Amino acid sequence: MTSLAVANPGSLIQSVDWVAIAPPLIAAVAAVAVLVTDLFLPDRHKKWLGRLTAAGLALALIALLPLTGKSPRATFCVQNVAGGSDNGGCSYVADHFALVFQLLALGGALIAALLSMHTVEDEKLPRGEYWFLLLSSATGAALLPASRDLATMVVALEVASLPAFALVALRRDGRGAEAALKFFVSSVTATAVMLLGIGFVYAASGSLHLGAVAQGLEHAPAQLRTLAEAGAVLTLVGFAFKVAAVPFHFWVPDTYTGAPLPVAGYLSVVGKAAGLSGLALATTIAFRPYAHTWGLALAVLAAATMTVGNVGALRQRFDTRYSAVRLLAWSSVGQAGYLLVPLAAAGYAPTGTDPLGATAAYALIYGVVNLGAFGVVAAVGRRAGVSVDDFKGLFSRSRWTALALAFFLLCLAGLPPGLIGLFGKVVVFRAAVDAGLGWLAVVMAVNVVVALSYYLLWTARLFAPVAQGPGSGEAVGDAVGRRRLPVGLAATLGLTATAAVVLSAAPQLVLQVTGGSLF
């Protein structure tokens, strides 16, 4: 009779570090709580669901504080023969990299929730479903940066993506369904390609844990090298789609236009953060043996993405309906190119340097100012149909709203007094130069100059004389001056504007993440 006894029975029992997994776990529990509460809450009290969502996300952010120590915390680990483990065999690691992107994901979701409170009421969106989907997507976005095996990364990416499809489709005007369909079909295709790539990588390396994948690929037989390289490229497709990198960007303008405004802002920041974190983990840890291959690929991708995004924004007409959101959509594609530059530099960086800090810092800066810009668009138009020309003379009707948008646009452009945007571009530029990617730094510099034109043209409209007569756009913008902003919208503008001003005055609060290793 065969004995099933093991030498160390205790090694079969998994110990869970609940403090480490608290941020995404709290968001998930809040999602379930919102869904259950919606079943029993009378319609007249369902406004409280938005407040419960904001409270859950705020609590998840607070849960990041115990994890800010010097030593990373890991859980769900594969134990070795001696019964010990290291972070290389763990599926969840709360290190500095994870905390930075969890802060961006949960903080961005909180601002999107505040921005959503008036939208849910104005557009009569189903409250319970909306808040549940937002929290569920935020859970996946917070889980992905801490994932350290390819299976967990795929699950986290889909948890972040699937609720986002439904959020886009919640608008009942036909445009939302079309936008969600484009988003869904392109995302499913990218995910299928990514899963095929992960299968190739597993066949070549024999593992799904990122550290073990790197070791397996480094010692893979010569006949499997082509399979492994193809798998690495295909695996990166799914994350490149979430980042909206060229050529996986085509869904962005139509999806942002068809989605509720807060959802468009959420996708531009939180969705991009999730894809960026997955792309960084897969390349710098799992596919490190092929660093020069994916480094060159990401450099070309970054150059193409920033160029296509800025040219698309430059060609956008300002007098058409939805042009404000479409301009921000093309801008987000261009900004994605800047975010990819330090990732490309990581493939060429000498040992001991970590360009990923530049990506993390720039992502935090971009998240704050881009959500603030979406907040001003919501304040002016209250719906996605507002055009850029509707902002003409906004300063004469709502001084502080106009100043806030001007500051956000200058931050995105990298011009004073938006110093935090300038410093962010400088650290990204320096990462390219330090890695020897001088040509990419030149492409970035040209694109920054190109982007100045549409950012400054929009800014100039804020202070232009108000046109008189019908069709001038004054009727749309006048709503800001005559009506008091909803509490959630005012809180969004206040938080983002204050954060942008504080970071411009003390940029070291964000730029300090560029000084050391995130892992």
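The values are calculated or read from the model by the stated rules, or taken from the named source; none is laboratory data. These figures come from a predicted structure and were not determined experimentally. Note that each Cβ is placed from the backbone with ideal geometry, even for glycine, and that neighbours are counted across all protein chains shown. Ligands, DNA and RNA are excluded from the accessible area calculation, which covers all protein heavy atoms including side chains. Shrake-Rupley method; radii C 1.70, N 1.55, O 1.52, S 1.80 Å.
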- request: Output yes when any residue across the stretch 203-213 is closer than 20 Å to ALA112 by Cα and assigned to a helix (DSSP H, G or I), and no when none is.
  value: no
statement: Scanning the stretch 89-105 residue by residue, the ones that are among the β-branched types (Val, Ile, Thr) and in a helix (DSSP H, G or I) total 1
query: Which one of the conditions (1) buried (at least 19 other Cβ atoms within 10 Å of the Cβ); (2) outside any helix (DSSP H, G or I) does THR283 fail to meet, given that it meets all the rest?
result: (2)
- prompt: Any residue in the stretch 331-346 that is part of a helix (DSSP H, G or I), open to solvent by 10 Å² or more (accessible area, probe 1.4 Å) and touching a residue at least 60 places away in the same chain (Cβ under 8 Å)?
  reply: no
- request: May I ask you to verify whether GLY337 is modelled with pLDDT of 85 or more, of a type outside the set (A, V, I, L, M, F, W, C) and under 15 Å from the mean Cα position of the chain (by Cα)?
  value: yes
- request: Mind counting the residues in the stretch 415-430 that are open to solvent by less than 10 Å² (accessible area, probe 1.4 Å) and either within 14 Å of LEU456 (Cβ to Cβ) or at pLDDT 90 or above (or both)?
  value: 3
Failed item in (1) in a helix (DSSP H, G or I); (2) open to solvent by less than 20 Å² (accessible area, probe 1.4 Å), with LEU125 passing the rest: (1)
message: Give me the residue from the stretch 241-250 that is open to solvent by 10 Å² or more (accessible area, probe 1.4 Å) and of a type outside the set (Val, Ile, Thr) and, out of that set, farthest from PHE97 (Cα to Cα).
response: PHE250
statement: Given the conditions (1) within 17 Å of PHE241 (Cβ to Cβ); (2) modelled with pLDDT under 90, every one holds for ALA274 apart from (2)
message: Is it the case, given these coordinates, that ALA190 is assigned to a helix (DSSP H, G or I) and in contact with a Phe, Trp or Tyr (Cβ under 9 Å, 6 or more places away or on another chain)?
response: yes
query: What number goes with the only condition from (1) open to solvent by 10 Å² or more (accessible area, probe 1.4 Å); (2) of a type outside the set (Val, Ile, Thr); (3) touching a residue at least 60 places away in the same chain (Cβ under 8 Å) that ALA402 does not pass?
result: (1)
- prompt: Tell me, which residue of the stretch 370-407 that is of a type in the set (Phe, Trp, Tyr) and closer than 22 Å to ARG315 by Cβ is farthest from the chain's Cα centre (by Cα)?
  reply: PHE391
- request: Could you check how many residues of the stretch 182-240 are under 30 Å from ALA169 (Cα atoms) and open to solvent by 30 Å² or more (accessible area, probe 1.4 Å)?
  value: 10
query: Applying the selection to the stretch 314-330, what residues are part of a helix (DSSP H, G or I) and either within 15 Å of ALA441 (Cβ to Cβ) or touching a residue at least 24 places away in the same chain (Cβ under 8 Å) (or both)?
result: LEU314, SER323, ALA324, VAL325, ARG326, LEU327, LEU328, ALA329, TRP330
query: For the stretch 251-272, what are the residues that are among the hydroxyl-bearing types (Ser, Thr, Tyr) and surrounded by fewer than 24 Cβ atoms within 10 Å (Cβ to Cβ)?
result: THR257
- prompt: Can you tell me which of VAL78, VAL93 is closer than 26 Å to GLN215 by Cα, surrounded by fewer than 18 Cβ atoms within 10 Å (Cβ to Cβ) and not hydroxyl-bearing (Ser, Thr, Tyr)?
  reply: VAL78
SER323 vs. criteria under 24 Å from TRP458 (Cα atoms), under 16 Å from the mean Cα position of the chain (by Cα) and open to solvent by less than 10 Å² (accessible area, probe 1.4 Å): no
task: Specify which of the listed residues (LEU115, LEU167, LEU110) is assigned to a helix (DSSP H, G or I), in contact with a Pro (Cβ under 7 Å, 6 or more places away or on another chain) and either within 19 Å of ALA259 (Cβ to Cβ) or among the aromatic types (Phe, Trp, Tyr) (or both).
output: LEU115
query: Condition test on VAL6, is it touching a Phe, Trp or Tyr at 6+ places or on another chain (Cβ under 9 Å), in a loop (DSSP other than H, G, I, E, B) and at pLDDT below 85?
result: no
- line: Filtering the stretch 306-357 down to residues that are among the aromatic types (Phe, Trp, Tyr) and under 24 Å from GLY381 (Cα atoms) yields PHE318, TYR322, TRP330
task: Working only within the stretch 380-426, note down all residues that are among the small types (Gly, Ala, Ser), assigned to a helix (DSSP H, G or I) and within 20 Å of PRO465 (Cα to Cα).
output: GLY381, SER396, ALA402, ALA404, ALA406
field: When residues of the stretch 360-399 are limited to those that are hydroxyl-bearing (Ser, Thr, Tyr) and under 21 Å from GLY108 (Cβ atoms), the one surrounded by the fewest Cβ atoms within 10 Å (Cβ to Cβ)
entry: TYR366
- prompt: Which one of these is closer than 26 Å to ALA264 by Cβ, of a type outside the set (D, E, K, R) and open to solvent by less than 30 Å² (accessible area, probe 1.4 Å): ALA141, ALA63?
  reply: ALA141
